[in-house]
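Everything on this sheet refers to the single structure shown next.
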Amino acid sequence: MGHQAQRADINAVVGGLLRDLAFAQTSRQRMFGYKRAAAVVLALDRSLADLVRGDGTLPKIPGIGPASTRVILEVLDTGGSPTVDEALRRSDKTADIERRRALRGNFLSRAEVLRILRDPAFAGPDADDYLGDLQMHSEWSDGAATLGEIIEACMSRGYAYAAVTDHSHGLPIAGGMSMARALEQGQAIDRLNHDYRGRFRLIRGIEANIGSDGRLDLSAEEASHSELVLAAPHSKLRRDDDQTERLVTATRHPHVHILAHPRGRISGTRPGINADWDAVFQAAAGEGVAVEIDGDPARQDLDFALAHRALAAGCVFALDSDAHTTSQLRYADTALAHARLAGIPPERIINCWPIDRLLTWLRQRSK
Ligand SMILES: [Zn+2]
């Protein structure tokens, strides 16, 4: 099922080939040009197959020049690109390009995400089932938006609630908040919840960092000030050794609600954690910790294949945008698409629960 969807994802194929072409360039300017074209293609709302005109030409797409257009037309015509093949033959960086290629598995383009959301054949959640987003970053850490802007943007997407999950103090590189700042933010959120009472509920969340030994950068006492605690790995994400124990230990922390972007992979760049995922999912299910599908297009972590295994292990899921700007709230769509491909019923997705049920679940976990 999922593999078929991948094969039809022309924009993902083209985006990948344009990235290959970028890394085969010797001129930095041309490298950036192809990288930009790849990013544009991956973010298009429509499939290139639908954009091509009857005479075989493409409309002008900002950010895509003639050389990239040729690659696109080749792929639409033949499924591959002789231009890219030739560039790779001449390049002395093929080993690096092959390594990057292997790190693009199960990534969906934006057009494919939207197609999956429209396709009634999938049993998973649809946009109407999705009541709120549980990972995002504000100006209090490494995000751009104010809390008020976040509320308004979430309401315009039809959400009933959202969690702001800025980084905790263990991740200063991402603007991690001191405990004093975190408490101050909590008071700001409480004031907003008073103003929006009956219309929207902002959840006081925090994204804690999982150390290499599986321990968090938050004590139980510190974590208890947040209504929702995400635990996520941000280091040692390029190693081959098994890190099952690290993640299993994190799920045992009494205040953790969600294991966020569990692999820590980045498309074409970073493989993320190597672990016995069935053991991790079993531990999460046993502890009552939700596993996340992070919808950031570069993360897509878990992807549908791993999510399907987590479903079989009995896990509940969180589907989140990991937005750092309000326009990135649409990344939740990517998470929804993976959940649909994995066939996760809305009942097993905590973002599909009404706020009272969600808050009860959060409180039970952190009692
Ligand atoms: Zn993170």
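Coordinate-derived values only; no laboratory data. Just so it is clear, the model here is predicted, and its values are computed rather than measured. Neighbour counts are summed over all protein chains in view; Cβ atoms, including those assigned to glycine, are modelled from backbone coordinates with ideal geometry.
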## Note on the structure
Between the alpha carbon centres of the range 193-262 and the range 83-139 the gap in Å comes to 25
### Message
Just to confirm a number: summing +1 for Lys and Arg and -1 for Asp and Glu over residues other than residue 309 whose beta-carbon lies under 12 angstrom from that of residue 309, what do you get?
### Response
-3
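Contact order normalised by length for the range 279-324, with contacts defined as Cα pairs under 8 Å and 6 or more residues apart; what percent is it?
Details: 60 pairs, mean separation 22.9, N = 46.
Value for the range 279-324: 50 percent.
Sorting 178, 81 on the 10 Å Cβ count, fewest up front, what's the list? Write out the running numbers ahead of the final one.
Values: 178 11, 81 23.
Going from sparsest to densest Cβ surroundings: 178, 81.
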### Query
Helix 66-78: angle to the longest alpha-carbon principal axis of the chain, degrees 0 to 90, nearest 10?
90
### Computed helical MRE - 222 nm, the chain, DSSP H runs ≥ 4 contributing -39500 (n - 2.57), nearest 500
-13000 deg cm²/dmol
## Note on the structure
Here the percent of antiparallel bridges among DSSP beta bridges lying wholly in the chain, to the nearest 5, is 10
#### Entry: Positive-pole candidate from 224, 234, 205, dipole of the range 165-246, charges at beta carbon
205
### Query
At 4 °C and 1.567 mPa s, what whole-number value in µm²/s does Stokes-Einstein give for the translational diffusion of the range 133-172, with Rh from the Kirkwood sum over Cα pairs?
123
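Taking the Cα centre of the range 1-79 as origin, work out the dipole magnitude from +1 charges on Lys and Arg Cβ and -1 charges on Asp and Glu Cβ, in debye rounded to 20.
Numbers: 10 positive and 7 negative charges, 78 e Å.
Dipole of the range 1-79, to the nearest 20 debye: 380 debye.
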### Message
Which residue fluctuates most in the GNM of the chain (Cα springs below 10 Å): 59, 354, 233?
### Response
59
### Summary
Between the residues 137, 69, 158, the Cα farthest towards the positive end of the dipole of the chain, that dipole coming from +1 and -1 charges on the beta-carbon of Lys, Arg, Asp and Glu, is from 69
### Task
Excluding residue 267 itself, calculate the net charge of residues whose Cβ lies under 10 Å from the Cβ of residue 267, where each Lys or Arg counts +1 and each Asp or Glu counts -1.
+4
### Query
What's the local net charge at residue 351, with K and R +1, D and E -1, over the other residues with C-beta under 9 Å away?
-3
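About the Cα centre of the chain, what is the dipole size in debye to 20, counting +1 per Lys and Arg Cβ and -1 per Asp and Glu Cβ, all else neutral?
Numbers: 45 positive and 49 negative charges, 152 e Å.
The calculated dipole for the chain is roughly 740 debye.
Once you have a ≥ b ≥ c as the square roots of the Cα gyration tensor eigenvalues for the range 1-73, tell me rounded if a/c is under 1.5, and otherwise prolate or oblate according to whether a/b is larger than b/c.
Details: a/c = 2.20, a/b = 1.29, b/c = 1.70.
Oblate, because a/c is 1.5 or more while a/b does not exceed b/c.
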### Query
With the contact rule set at Cα under 8 Å and sequence spacing of 6 or more, what percent relative contact order holds for the range 266-343?
32
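Using only Cα atoms, what Kirkwood radius does the chain have, in angstroms? Don't skip to the end; give the middle numbers.
Numbers: mean 1/r = 0.0471 Å⁻¹.
Radius from the Kirkwood sum: 21.2 Å.
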#### Entry: Prolate/oblate/rounded label for the range 85-207 (Cα gyration tensor, a/c 1.5)
oblate
### Message
How tilted is helix 332-342 with respect to the longest principal axis of the chain? Cα atoms for both, answer in degrees (0 to 90, nearest 10).
### Response
80
### Task
Report, in degrees rounded to the nearest 10, the 0 to 90 angle that the Cα long axis of helix 355-365 makes with the longest principal axis of the chain.
70
### Summary
Taking a ≥ b ≥ c as the square roots of the Cα gyration tensor eigenvalues, with a/c under 1.5 meaning rounded and otherwise prolate when a/b beats b/c or oblate if not, the range 31-112 comes out prolate
#### Entry: Dipole-positive endmost among 244, 344, 40 within the chain (Cβ charges, Cα centre)
40
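For a footprinting-style exposure proxy, rank 19, 100 by other Cβ within 10 Å, fewest first. Display every interim value, and only then the final one.
On the way: 19 26, 100 18.
Listed from fewest to most nearby Cβ atoms, that is 100, 19.
Give the relative contact order (percent, whole number) for the chain; include only Cα pairs under 8 Å separated by 6+ residues.
Working: 731 pairs, mean separation 60.1, N = 367.
Worked out over the chain, it gives 16 percent.
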